[in-house]
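The values are calculated or read from the model by the stated rules, or taken from the named source; none is laboratory data. Bear in mind that the values here come from a model prediction, so they are computed numbers and not experimental data. A quick note on method: Cβ atoms are made from the backbone with ideal geometry, for glycine too, and the neighbour counts reach across all protein chains shown. Ligands, DNA and RNA are stripped out before the accessible areas are found, and what is left, the full protein with its side chains, is counted by its heavy atoms. Shrake-Rupley method; radii C 1.70, N 1.55, O 1.52, S 1.80 Å.
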Amino acid sequence: MTSWTEEQARALITDSGTLKRGLELAAPAKWSNLGRTDTAAWGECKGSGSKPYQTGLDLTEPAFKCSCPSRVFPCKHGAALLLLLARQPQLLNGPTPPDWLQEWLEKRQQSAGKKATKAPGTEPSAAADGTGPTPAAGPTDNELARQKREAQRMARMQRGAEELQMWLLDLVRAGLAATDNQPLSFWENQAARLVDNQLPGLAGIVRELPTLRHQGADWPERMLARLGELYLLTQAFRRLPELPEAARQELLQLVGVNLKKEDILAMEPAVADEWRVLSVDVTEEDRLTVRRCWLQGQQTGRYALVVEFSFGGQAFATALVPDGHYTGTLTFYPGLLSLRAVPGTLSFAGLTSDASPPYPTTLPELLDAYANALARQPWLREWPVLLTGGTPAFTPDGRWVLRFTPELALASALPEPATPAMQEVPLLCDDLFGWELQAVGGGVPLTIFGEWTGQGLRPLVGWGAAVETSSAL
């Protein structure tokens with residue numbers, strides 16, 4: 001029977017208030033008639049009324065049901081039952097689902113069956129009827145109007161890119177030391193002009209520039225590098241019509257043109273595989289929750305980044321849990337590297353507890369792959385990697401690094417004799433996660449999935465001999 005971890009349970013509870021109340025209710029004394037099968041779990045929780053609330057989980061998706069009046073899914077009772085399943089699964093020892101749960105599960109199966117039979121046939125046929133009477137005059141007018149709006153928008157964006165280019169040249173002519181005297185409004189005003197010219201992606205990069213000042217001894221080099229990237233981006237954008245389609249799509253996304261998921265699903269080919277969730281990273285800004293999930297195809301080895309948003313504690317569109325396996329398709333955004341993807345139809349296929357994923361990479365292979373990726377997409381910020389063979393270590397000057405023995409570090413290096421010194425890779429993590437990684441490794445090399453930034457590795461998950469840790473903890 002599949003076992004759930006608390007990390008996986010928390011990944012399905014997006015609202016912090018529901019999680020807090022669920023944790024309070026995840027006590028055995030509050031529950032009765034607990035049970036589970038491989039595909040469902042259930043229980044009854046004491047409430048303020050005379051009858052307990054009937055709470056059930058469909059573990060195949062997963063999905064929640066509760067007889068309480070809350071319209072939030074999962075409610076605090078569903079959250080508590082899921083946490084109880086992760087923490088004390090031995091308490092859910094009833095073998096037979098009650099009638100109310102069985103009825104709900106059967107309705108879900110019938111609904112899923114209707115969707116499956118409806119999906120292949122009906123989408124494209126609704127728009128065009130073979131015996132349609134009128135010629136195509138209306139759509140042509142609409143298309144012409146759309147093209148006109150698009151041309152006006154592009155002209156405005158090109159003017160904004162040209163202004164930014166001149167601003168960058170003036171900035172470099174004055175010297176980086178002169179930026180010390182510039183108020184925050186100096187950067188913000190330029191960013192606002194870019195937003196007005198419908199270039200929010202470039203505006204975001206400009207807003208990052210003042211934060212680089214005096215952040216470490218090498219801040220002038222990093223600032224100059226970022227200015228160079230920005231200048232190259234404006235140069236490339238001004239030559240947009242001359243570029244291949246993949247480069248054009250990449251640039252449009254970089255400057256801030258959003259693609260609709262429906263358009264991506266309609267235009268790009270879907271990639272079928274069994275996808276394993278490697279990491280889940282959730283951040284909150286005001287009431288908006290952002291979830292970044294890295295997935296890996298178990299047959300293709302391909303990485304995919306799924307980014308979804310939730311407002312006001314609502315559930316995410318796709319229920320993804322760490323180490324969850326999903327069969328189905330992902331559709332990748334068009335571009336030069338195509339890492340970000342939109343989920344298609346994904347079916348939950350179970351959990352993996354402690355086995356490290358396939359297709360690990362050595363340090364020399366990582367550097368080669370990153371160099372090739374950077375040559376194709378020079379504005380690359382992070383590159384996913386499953387890096388193996390390194391041992392986490394805390395240096396005397398207070399940094400976390402990943403150390404590679406000369407044999408492992410040079411395993412696939414070119415035949416030329418190389419320096420025998422141990423190689424070190426900076427780990428971009430806080431002390432707590434660094435110590436967790438060291439505990440997982442136990443002093444021996446481990447496998448880490450993370451994002452390589454060119455300056456170091458931002459670790460997200462680590463696998464040792466038998467246990468796993470994640471930065472989401």
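Okay, here's what the table says:
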read-out	value
Largest to smallest accessible area among L265, L259 [probe 1.4 Å]	L265, L259
Point-to-point label distance, N258-T345, nm (Cα→Cβ direction, 7 Å offset)	2.8
Listed residues T318, T234 arranged by accessible area, highest first, probe 1.4 Å	T318, T234
Entries in K20/K46; K20/K65; K65/K261; K107/K261 that, when Cα-Cα distance is taken, lie over 22 Å	K65/K261; K107/K261
Label-point gap, in nm, between D170 and T2 - each point 7 angstrom along Cα→Cβ	5.8
Shape call, region 165-224: gyration tensor on alpha carbons, a/c limit 1.5	prolate
The chain, accessible area per residue, ligands and nucleic acids excluded (1.4 Å, Å²)	53
Ranked order, K65, K260 - accessible area, probe 1.4 Å, largest first	K260, K65
Of all accessible heavy-atom area on the chain, the percent that carbon and sulfur account for (1.4 Å)	54
Pairwise label distance in nanometres, K114 with N33, each label 7 Å out on the Cα-Cβ vector	2.7
Ranked packing of 16-28, 215-227, 80-92, most packed first, by mean Cβ within 10 Å	80-92, 16-28, 215-227
Alpha carbon centroid spacing (whole Å) that separates region 207-285 from region 32-46	45
Only Lys, Arg (+1) and Asp, Glu (-1) charged, at Cβ; the chain dipole about Cα centre in debye	1260
